[in-house]
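The values are calculated or read from the model by the stated rules, or taken from the named source; none is laboratory data. Note that this is a predicted model, so its numbers are computed, not measured. As a convention, Cβ positions derive from the backbone with ideal geometry for all residues, glycine included, and neighbour counts pool all protein chains shown. Accessible surface is based on the protein model in full, side chains and every heavy atom, while ligands, DNA and RNA are left aside. Shrake-Rupley method; radii C 1.70, N 1.55, O 1.52, S 1.80 Å.
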Amino acid sequence: KLNDTNKGSFGTVAIVGGNVGMHGALYLAGSAAMLLGSGKVVLASLDENFATDILMPELMQARPKDVLKNLNEYSVIVVGPGFGRDERALKFLTKLINMKPEAKLIFDADALNLISENMSLHQGFKTIMNKIITPHPGEAGRLLKISTTAVSQNRIKAINNLKAQYNAVTLLKGAGSLIEDN
């Protein structure tokens, strides 16, 4: 019944990213989650100096380590917008993957780049269930160890290989984005 709901009825999304110099990506992802109907959106920046935008007070704030401590409080956890590839990003991603969470997870941007560069992350990542990956052709190429051109020339083959290799619902971004479900 819609007349008996509140923001808690529509899920809580945690978005982890927004490293130094990349706060905009975190704000954009948070705004998109709100516009798509999320009841609560929590931004968890890897930058200790991150401050919530006073023009968007509905976007809440948490520390990445608190997201890890409270995984079950979130309907979805997004990792990657403005994530970066520094030690903080690698440390968070390693902890998350090693926890083998049952939460619904979305991996994007530099989270995917780190996974493609780090074999121990790569192997652990494959075993996580309930995940969505959202690479653009460059990230897809890095994950598949092929060129961006090869991805772009055969997007159907690329998305099928991504889905199979990573056991993930896959959204291959680009002109005519493709989605492959498990």
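Quick notes on this structure:
- Number of positions in segment 11-27 that are polar (S, T, N, Q) and more than 20 Å from Gly39 (Cα to Cα): 1
- Of the residues Asp110, Asp53, the single one that is surrounded by fewer than 22 Cβ atoms within 10 Å (Cβ to Cβ), among the acidic types (Asp, Glu) and in contact (Cβ under 8 Å) with a residue 12 or more places away in the chain is Asp53.
- Hits in segment 118-145 - residues which are of a type outside the set (Ser, Thr, Tyr), at pLDDT below 95, assigned to a helix (DSSP H, G or I) and surrounded by fewer than 17 Cβ atoms within 10 Å (Cβ to Cβ): Met119, His122, Gln123, Lys126
- Residues in segment 25-50 that are open to solvent by 70 Å² or more (accessible area, probe 1.4 Å) and aliphatic (A, V, I, L, M) were compared, and the one that is nearest to Gly84 (Cα to Cα) is Leu28.
- Residue that is farthest from the chain's Cα centre (by Cα), among those in segment 73-107 that are of a type in the set (A, V, I, L, M) and surrounded by fewer than 19 Cβ atoms within 10 Å (Cβ to Cβ): Met99
- The residues in segment 46-95 that are acidic (Asp, Glu), touching a strand residue (DSSP E or B) at 6+ places or on another chain (Cβ under 9 Å) and in a loop (DSSP other than H, G, I, E, B) can be counted, and the count is 2.
- The residues of segment 143-173 that are closer than 24 Å to Lys104 by Cβ and of a type outside the set (A, V, I, L, M, F, W, C), listed by number, are Asn160, Asn161, Lys163, Gln165, Tyr166, Asn167, Thr170, Lys173.
- Every pair of residues 6+ apart whose Cβ atoms lie under 8 Å, when the first sits in segment 16-44 and is in a helix (DSSP H, G or I) while the second is of a type in the set (D, E, K, R) and surrounded by fewer than 20 Cβ atoms within 10 Å (Cβ to Cβ): His23/Asp47; Tyr27/Asp53; Met34/Glu58
- For the condition open to solvent by less than 90 Å² (accessible area, probe 1.4 Å), in contact with a Leu (Cβ under 7 Å, 6 or more places away or on another chain) and without any contact (Cβ under 8 Å) to a residue 24 or more places away in the chain, Thr5 does not qualify.
- Checked against (1) part of a helix (DSSP H, G or I); (2) of a type in the set (S, T, N, Q); (3) open to solvent by less than 60 Å² (accessible area, probe 1.4 Å), Thr170 passes all but condition (1).
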